[in-house]
Amino acid sequence: MELVINNLSKTYKNGVKAIDDINLKIGSGMFGLLGPNGAGKSSLMRTIATLQSPDAGSITFGDINVLKEHLSLRKILGYLPQSFGVYPKMSAEALLDYFATLKGVSSKLDRQKLVKEVLEITNLYDVRKKYVAGYSGGMKQRFGIAQLLLNNPKLIIVDEPTAGLDPAERHRFLNILREIGTNSTVIFSTHIVEDVKELCNEMAILNGGRILKHTTPEKATDEIRGQIWTKIIERDELEKIETMYNVLSSNYNQDNTLNVRVYASEKPGDDFKESEPQLDDVYFMALKQDELILD
């Protein structure tokens with residue numbers, strides 16, 4: 001099934017245009033929606049999830065008119081918001097059983113089987129008797145995935161799920177998303193470039209409520225191959241270098257020098273070295289070009 005978004009717009013009462021005439025087609029598999037904080041990612045996610053209405057535009061998922069058939073979509077939707085909320089003093093097992101009841105699974109045996117299955121998928125079965133309120137951040141995010149899997153969703157939306165997770169929990173969480181993404185359409189919203197690089201077969205860069213680029217991670221980096229250059233400079237040289245070249249990013253070395261990454265169609269100077277393009281380069285380029293257009 002394909003998610004099709006046409007001419008979608010949303011302006012809040014305070015005048016902020018969170019979604020600005022977005023057109024997007026998303027097929028099955030993992031789709032990364034990449035953008036800085038405040039880019040409009042959560043607004044777009046909430047609109048797709050039928051939690052808010054747009055001012056204009058349309059959304060369809062397969063033969064479902066999302067904006068008119070809320071209940072039809074919600075039956076096949078799994079949604080994990082950026083903040084999952086407050087948990088009562090209940091075990092993961094009991095809370096999932098309760099959620100399964102709310103989702104219409106009336107048979108106790110069916111619920112037990114379903115709860116056991118989603119706990120195993122999310123690697124939470126061994127801690128199923130513990131209160132969810134006492135889980136770590138990563139375990140809570142995995143519990144969020146467990147609850148959204150209860151209705152075997154065809155469309156899954158996860159909004160900034162790895163923010164604040166330690167590396168080990170992030171790795172576990174991404175592995176689970178990778179598994180469930182093989183049979184569903186999964187929209188993965190994040191500002192962490194590495195998450196998209198590791199996980200997604202297709203991506204879009206969003207800023208100011210607009211799609212700046214819609215591509216695949218592989219195509220995006222291939223497009224700038226032979227056009228990324230690096231140079232080591234002293235810290236006090238950065239401002240001057242930024243006026244001379246299209247600097248995408250700079251990182252400190254152990255000796256407090258800076259390694260700058262520059263975009264240029266030809267070698268900028270003898271002391272520059274060609275570098276393998278990274279998805280970060282694509283991301284920073286898109287944001288910089290957007291700034292220039294707005295200026």
Roughly speaking, what is the centre-to-centre gap between region 221-249 and region 158-211 when only Cα atoms are used, to the nearest Å?
28 Å
Heavy-atom accessible surface of the chain: percent carbon and sulfur, 1.4 Å
48 percent
Between Gly208, Leu8, Gln254, whose Cα lies farthest towards the positive end of the dipole of the chain when Lys and Arg beta carbons carry +1 and Asp and Glu beta carbons carry -1, centred on the Cα centre?
Leu8
With point charges of +1 on the Cβ of Lys and Arg and -1 on the Cβ of Asp and Glu, referenced to the Cα centre of region 59-186, which listed residue (Leu96, Ile180, Leu149) lies farthest in the positive direction of the dipole?
Leu96
Where does the Debye-calculated log10 I(q)/I(0) of the chain sit at q = 0.09, 0.13, 0.15, 0.17 Å⁻¹, using only Cα point scatterers of equal weight, no solvent?
-0.52, -0.96, -1.16, -1.35
Taking Cα atoms, how many degrees apart are the long axis of helix 279-294 and the longest axis of the chain, rounded to 10 and kept between 0 and 90?
80 degrees
Extension gain, Thr257 back to Asp166 (0.36 nm per residue minus Cα-Cα distance, nm)
30.0 nm
If the convex hull of the alpha-carbon atoms of region 222-294 is projected onto planes in all directions, what is the mean projected area in square nanometres?
5.1 nm²
Per DSSP helix of 4 or more residues, -39500 (n - 2.57); summed, then divided by the residues of the chain. What does that give at 222 nm, rounded to the nearest 500?
-10000 deg cm²/dmol
Semi-axes of region 141-279 from the Cα gyration tensor (sqrt of 5 times each eigenvalue, largest first, whole Å) come to 36, 17, 13
For Asp21 and Tyr131, calculate 0.36 nm times their separation in residues minus their Cα-Cα distance, and state this gained length in nm to one decimal.
35.3 nm
In region 3-214, what % of DSSP beta bridges are antiparallel (nearest 5)?
50 percent
With Cα coordinates, the longest principal axis of the chain makes an angle with the long axis of helix 137-148, in degrees rounded to 10, of 60 degrees
Using the crude model of +1 on Lys and Arg Cβ and -1 on Asp and Glu Cβ, and no other charge, please compute the dipole size for the chain relative to its Cα centre, in debye to 20.
1820 debye
What figure in square angstrom, to the nearest 10, would you give for the accessible area of Leu199 with a 1.4 Å probe?
20 Å²
Considering only the other residues whose Cβ falls under 14 Å of the Cβ of Glu218, what net charge follows from Lys and Arg at +1 and Asp and Glu at -1?
-2
Give me the angle, in degrees from 0 to 90, between the Cα long axis of helix 92-102 and the longest principal axis of the Cα atoms of the chain, rounded to the nearest 10.
70 degrees
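The values are calculated or read from the model by the stated rules, or taken from the named source; none is laboratory data. Given the structure is predicted, the values throughout are model-derived calculations rather than measurements. For neighbour counting, all protein chains shown are included, and Cβ atoms are generated from backbone atoms with ideal geometry for every residue, glycine included. Note: areas computed on protein heavy atoms with side chains; ligands, DNA, RNA excluded. Shrake-Rupley method; radii C 1.70, N 1.55, O 1.52, S 1.80 Å.
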